[in-house]
Every structure is written in C-alpha cells, then in structure tokens.
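All remarks here apply to the structure that follows.
The values are calculated or read from the model by the stated rules, or taken from the named source; none is laboratory data. Quick caveat, the model's predicted, so the values are computed rather than measured. Heads up, the Cβs are rebuilt from the backbone with ideal geometry, glycines too, and the neighbour counts pull from every protein chain shown.
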Amino acid sequence: MPVCAGCGFLNTEASLNRFIKHLVILTLIITSSVALAETRLYKIGFVNTARVLKEAPQARKVEDRLKAEFEPREAQIREKRREVLSLEEQLKSQDVVSNANIRRKLEREIRLKVSQLKFLEQEFREDQNLRRNEGIRELQRVIAKVLEQLGDAGKFDLILTEGVSYVSDQIDITTLLVEMLKQQSEATGETVQ
C-alpha cells in the first residue's frame, strides 16, 4: 500500500523509513560541517612569573631601592653585633674572670645588648618584608598592565601564569613579556614605587 499516492519513490513504508534515515544523516553531516567551519583555534600563551620577577628591569629597580633604603639599618645591626661580640670577648678575658662584680656587670650589659639586637633584627625583617611586598604588588600591577597589552596586541585568547604542569616552548611568551617590560622601562624611565 503506497504511503504517498503522488510520490513514486516513497511508495512503501520501508522506503519512507530509508528516506528519513538518509535525511537525518544528511542533516547531521551538514550541521557538523558548519560546526567544524565555525570552530576556531585558540591562541594560548604562558608566562613564567618567577622568571619575569627575576629578569624585569622594574624588579631590579625595586630590589636596588630596597637595598639602598635598608642599608643604614643593616649597618646599625652589624655594629650592634660587633658590640656584643666585643663584650663577650671582654667577658672571657682573665681580668674579668677573677672579678665577680665586673663579670656580673658585663653579663647584664651583654643580655641588654642581645635583647636590643634581637628587637632591631625583628623590626628590620618586618619592615623589609612589608616594603618588599609593597614593591612586589606594584610590580605585579605593572606586569599585569603590560601583559594585557601583550594579550591584546598578540590576539591571545588565554594567558596562563601559575599552576601549569607542562608548557611547550611554542606558547611560552615570558621572554616577550620581559622584553616589553624592558622597553617600557627604557621608554618611560619609570620605576616601581
């Protein structure tokens, strides 16, 4: 019995089923071809931030500025250490060993100087870490800005920085970023605060 009276090629139910199957397959092929044509390759880059922090001129400027800022305090701490060592040497001398009063006085002075030295060292470390962290945060802002410029100029879809197990040399753009940071540093002469 014909399914479609005016359609000679769809005259049986089996022919109709075969036609529907072919139509579905053809539709799938066409839609997958369109999907493949629309598929675009993504441009991905990777930046080794540890290397950038080591090689960027702005990072060196931060370190140089911190060194200059904290050098006087480091010298003061070295001087206090010398004072303590000198007092300890005096305590070991023959004259002091025999005189109990002088010995107690020197021991008290040594304890006081050691306490002051520990306080100075702790305060120095805290201040130095605070200033270093401030410098690193500012440097990270500069790097992020240049990295955004690099991403826009290079038409990157994704740039990764940390937590990557493997990176091909083809997508490692660290050297490019460091070069851009050098150019920016030379062009503007700007330093990170």
Can you report the number of residues in region 148-169 which are over 19 Å from Tyr42 (Cβ atoms) and without any contact (Cβ under 8 Å) to a residue 60 or more places away in the chain? 1
Hey, any hits in region 63-74 for a residue that's exposed (fewer than 12 other Cβ atoms within 10 Å of the Cβ), more than 18 Å from Leu181 (Cβ to Cβ) and modelled with pLDDT under 90? no
Considering only region 20-36, I want to know if a residue exists there that is in a loop (DSSP other than H, G, I, E, B), loosely packed, with under 12 Cβ neighbours inside 10 Å and modelled with pLDDT under 80. no
Within region 149-171, is even one residue basic (Lys, Arg) and within 23 Å of Glu63 (Cα to Cα)? no
Arg51: passes all of (1) exposed (fewer than 11 other Cβ atoms within 10 Å of the Cβ); (2) over 19 Å from Asp127 (Cβ atoms) but (1)
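Rundown of residues vs (1) more than 23 Å from Asp64 (Cβ to Cβ); (2) surrounded by 11 or more Cβ atoms within 10 Å (Cβ to Cβ); (3) touching a residue at least 12 places away in the same chain (Cβ under 8 Å), yes/no style:
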| residue | (1), (2), (3) |
| --- | --- |
| Ser93 | yes, yes, no |
| Ala100 | yes, no, no |
| Ile110 | yes, yes, yes |
| Val114 | yes, yes, yes |
| Phe124 | no, yes, yes |
| Asp127 | no, yes, yes |
| Asn133 | no, no, no |
| Val142 | no, yes, yes |
| Val146 | no, yes, yes |
